[in-house]
Ligand code: FES
Ligand SMILES: [Fe+2]
């Protein structure tokens, strides 16, 4: 993000702190509650968003060195990601070409050869079938054509992307819709992987995304938690293709402005929280000490269940602290995900239950919640549904 753009956003937030004004979408939107409960819609979402669309999986540091791997099944398809000796990022369907067992258990680590737990067929980290156990008894297998099925993948600006269907390429710059500069600027490759946590919730996966999509609720729902860290009901909003970026002001915002006189020296990251929605299912947070990647997925075929796969990556400035305090990884998660589970997902579970009650057909997204307008319309565009009209209010 160019310095000029940072200053524009900071000036907007400064004005908001001084006046109480926030972003204005120019109208409100009504969104059908059936979107959270409809099994037919979920089936379409599974196919379009979690099979046919390139997905942002994590950062380059999820595969920190040559010979590292990461196996992840959250999309519904077991995926094996590797960085082989040539340094290249590769992704495969983690499905054995003998009888279809998942070859590598979900997790991460170092490994250049993977032996299937069923009959010990062995694969290399470029996907090739290296050995068929007792081939003389089994029969001769054409190893060259029975490697792991490769998936389209790309590494760009420190981001790892995979499409969970074979065939085709991923154009990450196009997926980012103009966010490439922002991603480059955050220097993502310099953020080592910290830790991961999976949160299961009785909420539709879109409700999980919605809880991150505005800060109108901060002073109310988070009055005993996040309010001490952020100004509520104050955000910027910018759209990049199907993605959006919001920036929130930290409580120390004005104090820092008083300390740093020259506007081109304002320390953007220390003053803000940047929240990105990366289509179709990821929230990426950048704060002074970390980058958080929260990937939201449906959980099975129940529209009322979802899983949030949350990983965090340590900012270079605090790397030393975490190296000296390994317990800090767990502590950060306890603090962060306590708010997510006990505050955000607590209200979302009530919204989910009440969506199923049929009491009302629509919910409202206000003028001060443009991220929700954008997200639901991006989702609708993906499924060839017409956008939700903006209504004067
Ligand atoms: S299913 Fe993998 S070796 Fe048999
Ligand atoms: Fe929240």
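The values are calculated or read from the model by the stated rules, or taken from the named source; none is laboratory data. Here the structure is a predicted model, which means the values were calculated and not measured. Cβ: placed from backbone, ideal geometry, glycine included. Neighbour counts: every protein chain shown.
Before moving on, here are some points about what is shown:
- Residue match in region 207-215 (condition: assigned to a strand (DSSP E or B) and within 16 Å of ligand 2 (Cβ to nearest atom)): no
Results for (1) surrounded by fewer than 20 Cβ atoms within 10 Å (Cβ to Cβ); (2) assigned by TED's automatic domain parsing to the domain that holds residue 308, shown as yes or no for each residue.
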| site | (1), (2) |
| --- | --- |
| 118 | yes, no |
| 139 | yes, no |
| 143 | yes, no |
| 184 | yes, yes |
| 191 | no, yes |
| 194 | no, yes |
| 197 | yes, yes |
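- Index of the failed condition, residue 222 passing every other in (1) surrounded by fewer than 20 Cβ atoms within 10 Å (Cβ to Cβ); (2) in the same structural domain as residue 273 (by TED's automatic domain parsing); (3) under 16 Å from the mean Cα position of the chain (by Cα): (3)
- The set of residues from region 35-81 being in contact with a helix residue (DSSP H, G or I) (Cβ under 7 Å, 6 or more places away or on another chain), farther than 23 Å from residue 387 by Cβ and assigned to a loop (DSSP other than H, G, I, E, B) comprises 75, 76.
Here's the yes/no breakdown for (1) more than 22 Å from residue 223 (Cα to Cα); (2) at pLDDT 95 or above:
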residue	(1), (2)
320	yes, no
327	yes, no
348	no, yes
361	yes, yes
374	yes, yes
377	yes, yes
384	yes, yes
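- Of all residues making up region 98-120, the number that are over 13 Å from residue 71 (Cα atoms) and either in contact with a helix residue (DSSP H, G or I) (Cβ under 9 Å, 6 or more places away or on another chain) or in a strand (DSSP E or B) (or both): 4
- Elements of the type helices (runs of 4 or more DSSP H) sitting completely within region 296-393 and holding at least 2 residues that are more than 25 Å from residue 225 (Cα to Cα), away from ligand 1 (no atom under 16 Å from the Cβ) and touching a strand residue (DSSP E or B) at 6+ places or on another chain (Cβ under 8 Å): these cover 370-382.
- Residue, nearest to ligand 1 (Cβ to nearest atom), within region 234-249, restricted to residues that are crowded, with 18+ Cβ neighbours inside 10 Å and part of a loop (DSSP other than H, G, I, E, B): 242
- Which listed residue, of 97, 113, 66, is more than 18 Å from the chain's Cα centre (by Cα) and touching a residue at least 40 places away in the same chain (Cβ under 8 Å): 97
- Against the numbered list (1) within 30 Å of residue 269 (Cα to Cα); (2) in contact with a helix residue (DSSP H, G or I) (Cβ under 7 Å, 6 or more places away or on another chain), residue 309 comes up short only at (2).
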